[in-house]
Amino acid sequence: MLSQEIRRKFLNYFKERGHAVIASSPVVPHDDPTLLFTNAGMNQFKDVFLGKSARDYTRAATAQKCIRVGGKHNDLDNVGHTSRHLTFFEMLGNFSFGDYFKKEAISFAWEVSTKVFEFPEEKIWPTIFENDDEAFELWKQIVPEKRITRLGEKDNFWAMGDTGPCGPCSELYLDRGPQFGDARNPKEDVTGERYLEFWNLVFMQFNRSTSGELSPLPKQSIDTGAGLERIVSLKLGVDTLFGTDILRSLIAEVETISKRKYDPHNAEFAPAYHVIADHIRSLSFAMADGAQPSNLDRGYVLRKLLRRAVRYGRIIGMQDPFLAQILPRLVKEMGADYPELKNAEARIAEVLTLEEENFIRTLKRGGNILSSVIDQARQSAQHKISGEDAFKLKDTYGFPLEEILLIAKDTGLEVHLEQFQILEKTAREKSRSAQAAHHQLAEENLFKEFLEREGPTVFKGFQATMGTGRIIGLVKEGKFVDKLEIGDEAMVFLDETTFYAEKGGQVGDTGLLSDEHLIFKVTDCKMPFPGVIAHIGTMEKGDLIISQTVHISVDSCRRQTIMGHHTATHLLHWALQEVFGSHIRQAGSLVEPDRLRFDFHHHKSVTHQELRQVEELVNEKIRSNQAVAAYEVPYEEVQKKGEVKQFFGDKYGSVVRVVDIDFSKELCGGTHVHHLGTIGLFRILKEGSISAGIRRIEAVTGKPAEEFMYAQENLLNDCAALIKTAPSKIIETASHLLDENKRLLLEIKNYRRTAIKQTAQELLSQIESLQGISFLASEIPFSGEELGLLAEELLQKKNPLILLLGANIDGRAQLLVRVSPELTKRGVSAVQLIKEIAPLIGGSGGGKAESAQAGGKDPSGMVNAFFKAKESVLQILS
């Protein structure tokens with residue numbers, strides 16, 4: 001397959017030229033709140049470009065999965081109606097972090113374009129930023145001057161944001177020939193049809209200040225991006241991206257399912273095939289990387305994508321769920337290079353089908369909603385469909401605005417567009433993450449300079465909790481100082497330490513920095529900047545100065561429980577996959593001394609039996625007392641081994657640390673027990689859903705697990721004592737007591753029924769005649785439910801009847817009024833009577849003509865209420 005061939009050849013080319021081939025980051029950027037989805041190859045290297053961190057490689061190459069559906073890069077509404085818009089695409093790119101610059105980047109791009117992509121040299125047209133003479137001179141050595149086009153800032157100058165790293169670009173265009181227009185160069189080609197851009201080289205060489213001033217970056221970098229689908233379309237000579245191998249294969253699957261032939265030139269039906277082929281990729285890759293359709297943020301966008309695909313499916317006759325049927329073809333085409341897709345296939349199929357079924361039910365209701373909206377608009381003074389209704393039809397029921405406008409026109413109506421656009425804007429803001437500034441915080445700059453001056457702190461705590469270290473920095477109230485005194489709250493930095501800094505879900509260590517004259521109590525340990533470990537605490541004795549050597553002492557008991565919980569987290573992850581399947585993956589974790597918390601992707605509720613099975617598997621492994629090994633290996637080697645778990649959002653260098661328990665291998669930088677038996681015991685405290693498709697388990701190990709077990713045992717003993725039996729017989733005794741309780745309740749119920757029948761018989765003698773109509777008002781010692789039963793008994797014995805019953809229940813009055821149906825026709829209404837008399841008992845009530853009731857706080861007013869009701873009935877009947 002051409003797409004796979006080009007993808008692999010591209011990466012191999014750069015690997016041979018010293019680039020680290022880095023796996024695509026997930027399309028769900030868990031570590032970047034500024035992004036809704038990963039939308040460019042440079043996203044995973046943003047912190048490197050910003051100087052927030054460094055990698056152990058200076059040049060890299062990737063094939064990056066990208067989704068553009070929100071914010072600045074939103075191609076959703078164009079997909080299906082243009083030849084080149086996609087929501088999901090692959091971006092090939094090579095990067096230099098202060099290594100090579102323009103000359104090498106241009107040379108690489110030319111060689112790849114002509115040797116790997118095999119484009120004809122004479123058809124490649126480079127563009128440059130209008131003022132970039134350096135790039136012009138470099139390109140002039142490769143192509144004739146006349147083929148180099150200068151473009152302005154809009155086209156050929158890139159910036160990460162309003163401030164920060166930026167620089168000129170050089171884009172490569174391919175001339176598709178005179179059949180696509182008579183433009184003589186890319187600048188004249190306003191439609192972009194003849195000269196098609198396929199690669200963008202960004203020369204990151206400046207830093208833009210808040211005033212707009214450009215200053216040279218200390219390390220010039222390269223960021224490039226070449227769209228794989230566009231390159232394949234040029235190679236195949238097809239006019240649209242939907243004619244490329246992968247997308248055309250998906251369209252073929254849609255043809256099979258719909259039993260309808262695809263015609264790319266049919267403007268009515270072709271968009272449906274395009275939308276479905278594109279959206280199934282975005283949905284599947286997003287779900288494989290941990291996202292889930294929902295009503296919030298990324299999930300909101302995915303639900304929108306799915307519903308759009310379903311609506312377009314109906315255009316070509318697919319009334320039943322169909323997206324999951326296309327999934328196997330997608331896995332076949334792309335699963336070899338993106339194994340996460342294959343691993344999550346079953347779960348994706350299930351979620352797709354559930355979402356489709358829900359939306360189809362919604363669509364069935366939509367037809368009635370549309371009729372209702374049209375009728376409402378016709379009756380309005382403005383003859384307009386409101387913005388709220390138009391937005392509801394689009395967002396909830398899948399009607400596009402164009403369709404709503406057409407329906408409105410056909411029925412002589414208009415649409416309140418201004419109101420609609422306001423609601424649409426609000427929805428867009430809801431569906432994307434808040435945009436954050438890309439500039440560094442002052443604190444980060446502070447530690448960045450410190451790191452460059454002093455070097456990183458060496459962590460020696462994997463094997464030890466004690467040691468010595470030299471003070472290389474002291475920070476108090478946000479500033480570096482030379483000395484700390486008693487009472488100072490500060491951060492202490494050492495050249496080496498055994499304190500673990502909080503990261504990867506594991507909390508930081510606590511303990512002491514000391515010598516015979518001083519004590520600094522460490523209450524937390526964090527990493528405010530990569531490589532910088534801050535010991536946070538209070539000076540309790542003596543003074544602390546720069547360059548002083550101190551004894552390091554981590555609270556070893558606390559560390560031990562943390563290690564037990566961390567290793568148990570790995571065991572839990574393994575056990576969950578054993579019980580539920582390989583789609584289970586970590587969505588977050590917290591490792592503390594007194595518990596562990598593990599969030600994982602799973603779309604179903606979990607039964608008690610399944611949790612017990614997970615717990616038993618973990619404890620079985622703990623009893624095996626297997627050794628826990630940890631070692632460092634090249635990341636490239638790990639990428640080839642599917643058995644080593646990696647976590648989305650984590651940044652990995654060329655060398656990584658593997659925690660290996662034989663059956664469970666994970667990349668992890670945390671501290672762990674050396675043998676599983678050290679953990680002791682594992683117990684799950686609770687499990688539940690925390691959001692759509694994400695569940696959480698809280699558990700304990702060791703002593704906290706024993707304490708939990710004893711607490712459960714004490715509860716059992718207390719319950720046994722309460723019902724006066726042995727703990728071993730508690731179920732038997734409780735069952736007997738429940739049966740006895742049920743029998744007694746039945747006896748009481750039968751007794752009350754007898755009492756109600758007797759009371760009804762006695763009350764018959766109290767019935768009076770008002771204008772020839774039977775009337776009864778009486779206060780009785782019954783509860784609210786029994787009032788109703790008594791009323792039914794009386795109405796069966798005497799009909800027609802106007803009946804008022806009252807009761808004093810725990811100091812509160814309750815009234816019930818019943819009127820036989822034939823008497824309501826004469827104007828006697830139970831609800832009218834109750835509203836008249838309820839104030840006399842200090843309350844209010846309601847009901848219907850035949851039955852009404854009221855409650856109040858003044859039972860003494862009941863007699864007056866009966867008199868008032870009697871007067872009202874006489875007035876009505878007279």
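The values are calculated or read from the model by the stated rules, or taken from the named source; none is laboratory data. Worth saying up front: this structure is predicted, and the values here are computed from it rather than measured. So basically every Cβ, Gly included, is an ideal-geometry build from the backbone, and we count neighbours across all protein chains shown. Each accessible area value is taken on the protein alone, full model and side chains, heavy atoms only, with ligands, DNA and RNA left out. Shrake-Rupley method; radii C 1.70, N 1.55, O 1.52, S 1.80 Å.
Residues in the range 591-643 that are within 17 Å of Gly669 (Cα to Cα), surrounded by fewer than 12 Cβ atoms within 10 Å (Cβ to Cβ) and not hydroxyl-bearing (Ser, Thr, Tyr): Glu632 alone.
Looking across the range 489-524, the residues that are farther than 17 Å from Arg470 by Cβ and open to solvent by less than 10 Å² (accessible area, probe 1.4 Å) come down to Tyr500, Ala501, Gln506, Gly508, Asp509.
A single member of Gly93, Gly41, Gly80 is modelled with pLDDT of 85 or more, part of a loop (DSSP other than H, G, I, E, B) and open to solvent by less than 10 Å² (accessible area, probe 1.4 Å), and it is Gly41.
Just one residue in the set Arg281, Arg308 is surrounded by 20 or more Cβ atoms within 10 Å (Cβ to Cβ), closer than 21 Å to Phe198 by Cβ and either within 19 Å of the chain's Cα centre (by Cα) or modelled with pLDDT under 95 (or both); that residue is Arg281.
So which residues in the range 813-855 are farther than 21 Å from Leu877 by Cα and part of a loop (DSSP other than H, G, I, E, B), if there are any at all? Result: Gly842, single match.
If I ask for residues that are more than 20 Å from Arg8 (Cβ to Cβ), open to solvent by less than 50 Å² (accessible area, probe 1.4 Å) and in a helix (DSSP H, G or I), which ones from the range 319-344 would you list? It would help to see each step written out before you state the result.
Looking only at the range 319-344, we keep the residues that are more than 20 Å from Arg8 (Cβ to Cβ), and these are 319-329, 343-344.
Still in the list and also open to solvent by less than 50 Å² (accessible area, probe 1.4 Å): 321-324, 326-327, 344.
Listed by number, the residues that qualify are Leu323, Ala324, Ile326, Leu327.
Across the range 454-468, a minimum of one residue is classified as assigned to a strand (DSSP E or B), open to solvent by less than 40 Å² (accessible area, probe 1.4 Å) and within 18 Å of Asp515 (Cα to Cα). Looking across the range 568-590, the residues that are open to solvent by 20 Å² or more (accessible area, probe 1.4 Å), at pLDDT 90 or above and not β-branched (Val, Ile, Thr) come down to Trp574, Gln577, Glu578, Phe580, Ser589, Leu590.
Within the range 834-841, can one find any residue that is more than 59 Å from the chain's Cα centre (by Cα), surrounded by 13 or more Cβ atoms within 10 Å (Cβ to Cβ), modelled with pLDDT of 90 or more and not basic (Lys, Arg)? No, the conditions are met nowhere in the range 834-841. Summed over the range 296-305, residues that are surrounded by fewer than 22 Cβ atoms within 10 Å (Cβ to Cβ) and under 21 Å from Phe600 (Cβ atoms) total 3.
Just one residue in the set Lys235, Lys219 is open to solvent by 10 Å² or more (accessible area, probe 1.4 Å), in contact (Cβ under 8 Å) with a residue 40 or more places away in the chain and not in a helix (DSSP H, G or I); that residue is Lys219.
Scan the range 229-256 residue by residue and report those that are over 20 Å from Arg176 (Cα atoms) and either among the hydroxyl-bearing types (Ser, Thr, Tyr) or at pLDDT below 95 (or both).
Matches in the range 229-256: Ser249, Thr256.
Which count do you get for residues in the range 526-540 that are charged (D, E, K, R) and surrounded by 15 or more Cβ atoms within 10 Å (Cβ to Cβ)?
1
Annotation note: Cβ proximity below 7 Å between a residue of the range 336-362 that is without any contact (Cβ under 8 Å) to a residue 12 or more places away in the chain and a residue that is surrounded by fewer than 22 Cβ atoms within 10 Å (Cβ to Cβ) and not in a helix (DSSP H, G or I) (sequence gap 6+ or interchain) occurs for Lys342/Gly335. Counting only strands (runs of 3 or more DSSP E) that sit completely within the range 658-754, those holding 3 or more residues that are open to solvent by less than 40 Å² (accessible area, probe 1.4 Å) and closer than 20 Å to Glu620 by Cβ correspond to 694-701.
Taken residue by residue, the range 381-392 has no member that is surrounded by 13 or more Cβ atoms within 10 Å (Cβ to Cβ) and at pLDDT below 70.
Restricting attention to the range 760-783 and to residues that are touching a residue at least 12 places away in the same chain (Cβ under 8 Å) and part of a strand (DSSP E or B), the residue that is surrounded by the most Cβ atoms within 10 Å (Cβ to Cβ) turns out to be Ala777. Among the residues of the range 137-156, is any over 17 Å from Phe203 (Cβ atoms), open to solvent by less than 10 Å² (accessible area, probe 1.4 Å) and in contact with a Pro (Cβ under 8 Å, 6 or more places away or on another chain)? The answer is yes; a qualifying residue exists. Taken over the range 318-352, the criterion of being within 23 Å of the chain's Cα centre (by Cα) and over 30 Å from Glu643 (Cβ atoms) is satisfied by Leu323 alone.
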